[in-house]
1. Scan the range 314-330 residue by residue and report those that are over 19 Å from A44 (Cα atoms) and part of a loop (DSSP other than H, G, I, E, B).
2. So for the range 118-136 (the condition being in the same structural domain as Y193 (by TED's automatic domain parsing), crowded, with 21+ Cβ neighbours inside 10 Å and not in a helix (DSSP H, G or I)), does at least one residue qualify?
3. For residues in the range 161-216 being without any contact (Cβ under 8 Å) to a residue 12 or more places away in the chain and of a type in the set (S, T, Y), which is nearest to R268 (Cα to Cα)?
4. Considering every residue within the range 7-22, establish whether at least one is more than 21 Å from H226 (Cβ to Cβ) and modelled with pLDDT of 50 or more.
5. Residues being more than 30 Å from D182 (Cβ to Cβ) and touching a His at 6+ places or on another chain (Cβ under 9 Å): count how many of those fall in the range 122-159.
6. For the range 167-180, state whether one or more residues are modelled with pLDDT of 95 or more and in a helix (DSSP H, G or I).
7. Can you pull out every residue in the range 131-160 that is over 24 Å from R256 (Cα atoms), touching a helix residue (DSSP H, G or I) at 6+ places or on another chain (Cβ under 6 Å) and without any contact (Cβ under 8 Å) to a residue 60 or more places away in the chain?
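The values are calculated or read from the model by the stated rules, or taken from the named source; none is laboratory data. Predicted, not measured: the structure shown is a model, and the values here were computed from it. Here the Cβ is made from the backbone with ideal geometry for all residues, glycine too, and neighbour counts use every protein chain on show.
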Amino acid sequence: MKNYVYFIIILVAISLAGVTLYEKSHAQKVIYVVSMTPDEMSAALKNGSISGFISWEPQSAKTVAEGYGRYLVNSQDIWKNHPSCGLAISEYLLKDEDTVRALVWVHVKSTRFVNDPANREKVLKYGSEFTGVDHEASAAAINNTVYMEFPDMGETKKVVGILDKAGALKKSPVEMGYNDVDDFLSSIILDRYYKEIGKRLEEEPDWTPPAVNGSLRFGYIDGNIHYLAVYVAQKEGYFERVGLIPDKNIKFLKFRNGLAITNAFSHREVDVATLGMSQIFRYDINDNGKVYIINGMNSGGTSLVVRADSNIGSIDDLSGSTIATPGFGSVQDVIMRKMFEGFEIKTV
């Protein structure tokens, strides 16, 4: 009996030691994160001052094509159907429903063109023109990106949760007066135009909405493959078919990042823009910005790249290393936090 008791005590001690060792090992995983522009990321990876970076395409594809970078993880690998960017309109444009419908139609038609295998070579050519990278890098960037007509609402809900946990939101949707996150999302992501346009195109594939009056200022991040559908729409004449003529009554404005675009929205310098979903949510919650998402742009298209000559084979191998993202609260920052779940994330 005494020996049995000793055995039980030893067994419990071993179990507790195992739990302690697991928790200690778990707690020791840490990743250091620094903010950089995409060009700075590539230079820092090349000179070895960072071990990897998480950026939108085609920056990752370009780095890999140049030989000193290597893909480790694509965002779709760790988060299926995650939202990335959306097409957003200003509060005052919402009053012009004909223009909103026209914009939704343009985006749907262009996205379907991009996703049609019959247009593959043309899309690759457009991708290279839009981003300024060669055919190989353009193909890799497009292959890593999923072009979508509307965001997955279930996965979009997770973005708000990650932002909240990271401390990127000044208050919760409930503190803003919403019933819950779903209530918040339904107020800012408008699906009625997409449903209407989709139904109409199912009934009549060649249907085009009436031409619109007025002028628009359309903002986007230059060279970001997530927004390829916008460039394709220009090249394939979809904007003209709804009465929006480039350089006449629609002007395309290039921006460096999502923050610059939300600042432009605040100063009424843009009417519609493509930008990251997380940036839109932070603008609405933190800055009382009033913009509405009428379409999704993409999922995927964000990758974790490490040095080609490194022995890094998994995310766990990066523990204790420094990586770069475009900035706190960005789409890439949200994806990084999903990739490095279980790590202590330290900003440097």
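1. Across the range 314-330, the qualifying residues are S314, G329, S330.
2. Checking the range 118-136: at least one residue is in the same structural domain as Y193 (by TED's automatic domain parsing), crowded, with 21+ Cβ neighbours inside 10 Å and not in a helix (DSSP H, G or I).
3. S187
4. no
5. Looking only at that region, the number is 4.
6. There is no residue in the range 167-180 that is modelled with pLDDT of 95 or more and in a helix (DSSP H, G or I).
7. Selection gives K157 alone.
Every residue, every condition in (1) part of a strand (DSSP E or B); (2) in the same structural domain as Q59 (by TED's automatic domain parsing); (3) in contact with a Cys (Cβ under 6 Å, 6 or more places away or on another chain); (4) crowded, with 18+ Cβ neighbours inside 10 Å, yes or no:
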residue: L228; (1), (2), (3), (4): no, no, no, yes
residue: Y231; (1), (2), (3), (4): no, no, no, yes
residue: Q234; (1), (2), (3), (4): no, no, no, yes
residue: E240; (1), (2), (3), (4): no, no, no, no
residue: L253; (1), (2), (3), (4): yes, no, no, no
residue: L259; (1), (2), (3), (4): no, no, no, yes
residue: T262; (1), (2), (3), (4): no, no, no, yes
residue: F265; (1), (2), (3), (4): no, no, no, yes
